[in-house]
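The values are calculated or read from the model by the stated rules, or taken from the named source; none is laboratory data. Just so we're clear, the structure is a prediction, and the values are computed from it rather than from any experiment. No Cβ is skipped: glycine too gets one built from the backbone with ideal geometry, and neighbour counts run over all protein chains shown.
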């Protein structure tokens with residue numbers, strides 16, 4: 001049985017068990033390896049995917065779920081390539097994927113706030129990271145989980161344009177992912193400012 005330390009994870013605001021922290025640190029190490037020096041486009045999701053095979057930076061390289069949808073949308077083909085080669089291609093394109101909650105949303109845990117509450121609680125820290133560390137030329141919102149907090153995101157003054165799909169996020173975490181991929185390709189065809 002997993003016990004709770006009584007602390008909140010600084011990457012997502014949820015209860016921090018030793019397993020939760022270990023998993024977060026592992027994903028952070030994988031992600032850091034493929035962070036571009038200069039981020040042209042920051043893809044910003046709501047919560048990190050639960051399954052490792054859906055996590056873009058996983059060395060497993062299954063590229064299913066969110067990871068696969070993003071790869072297809074950006075015309076990065078994982079066919080006949082090692083995971084490392086696919087991730088490096090994504091990196092060379094100036095793309096970086098981040099989530100407001102760096103960990104999967106653990107809704108089955110008792111007493112966990114609603115997803116939108118956790119997202120709002122993390123916004124200030126994420127905005128600071130975007131402005132001071134990531135410094136992208138543009139941000140693309142890619143999760144329907146961000147819809148309830150769009151106004152709050154718009155108020156953050158992130159220092160670069162926030163690209164959306166007709167006033168809402170590109171939905172890569174739902175049944176509309178194929179259409180979102182086509183819309184994203186169109187939106188990314190517009191040159192990055194500056």
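Summed over region 155-172, residues that are part of a loop (DSSP other than H, G, I, E, B) and touching a helix residue (DSSP H, G or I) at 6+ places or on another chain (Cβ under 6 Å) total 7.
Close contacts from region 181-194, counting a first residue that is more than 15 Å from residue 161 (Cα to Cα) and a second that is assigned to a loop (DSSP other than H, G, I, E, B) and modelled with pLDDT of 90 or more, with Cβ to Cβ under 7 Å and a gap of 6+ residues or different chains, come to 183/170. For region 11-42, give me the residue count where each residue is within 14 Å of residue 99 (Cα to Cα) and crowded, with 19+ Cβ neighbours inside 10 Å. Total satisfying the criteria: 8. Selection of region 57-85 for residues being assigned to a helix (DSSP H, G or I), over 13 Å from the mean Cα position of the chain (by Cα) and in contact (Cβ under 8 Å) with a residue 40 or more places away in the chain yields 72, 73.
Scanning region 135-148 for residues that are part of a helix (DSSP H, G or I) and surrounded by fewer than 20 Cβ atoms within 10 Å (Cβ to Cβ) turns up 144, 147, 148. The number of residues in region 11-48 that are assigned to a loop (DSSP other than H, G, I, E, B), without any contact (Cβ under 8 Å) to a residue 60 or more places away in the chain and closer than 17 Å to residue 104 by Cβ comes to 3.
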